[in-house]
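Structure first, commentary second.
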Amino acid sequence: IREATPGDWRLIYPFWSAIVEAGETYAYPEGLTADQAEPLWMEPSPGHTVVAVDGAEVLGSAKMGPNRPGRGAHIATASFMVNPAHAGRGVGRALGGT
């Protein structure tokens, strides 16, 4: 598990998009391009985004940050996505421990 870099987005977006389009877990708008979706997942400071990797392959990603601006900024939120090709390998549990 490591901090995500801007270059990781191109590896995250394919499974992010597939998970969002399935409509089973996330309520992001449908049909977002990579450029439209990137700021929704790649959390700016004070939040952060991490990736679980195996070599150069991104197995999953998680983002953490303030739930809402202003009075809700003291409450955190986190989201996790595992590349379906790597489901069942404990990637989600590893991301949850970050």
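Since every read-out is calculated from the coordinates, none of them should be taken as a lab result. What you see is a predicted model; the values in this text were computed from it and never measured. Please note: Cβ atoms are built from the backbone with ideal geometry, for glycine as well, and neighbour counts cover all protein chains shown.
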Fully extended, how many nm does the chain gain between residue 54 and residue 5 (0.36 nm per residue separation, minus their Cα-Cα distance)?
16.1 nm
Value at 222 nm in deg cm²/dmol, rounded to 500, when DSSP H runs of n ≥ 4 in the chain each add -39,500 (n - 2.57):
-8000 deg cm²/dmol
Return the loop-located GluC sites (Glu not before Pro) in region 20-75 (DSSP other than H, G, I, E, B) with at most 16 other Cβ atoms within 10 Å of their own Cβ; answer none if there are none.
24, 30
Counting just the Cα atoms, what span does the chain cover along each of its three principal axes? Round to the nearest Å and put the largest first.
39, 30, 25
Neighbourhood charge, 12 Å Cβ-Cβ cut-off, centred on residue 42 and excluding it, Lys, Arg +1 and Asp, Glu -1:
-3
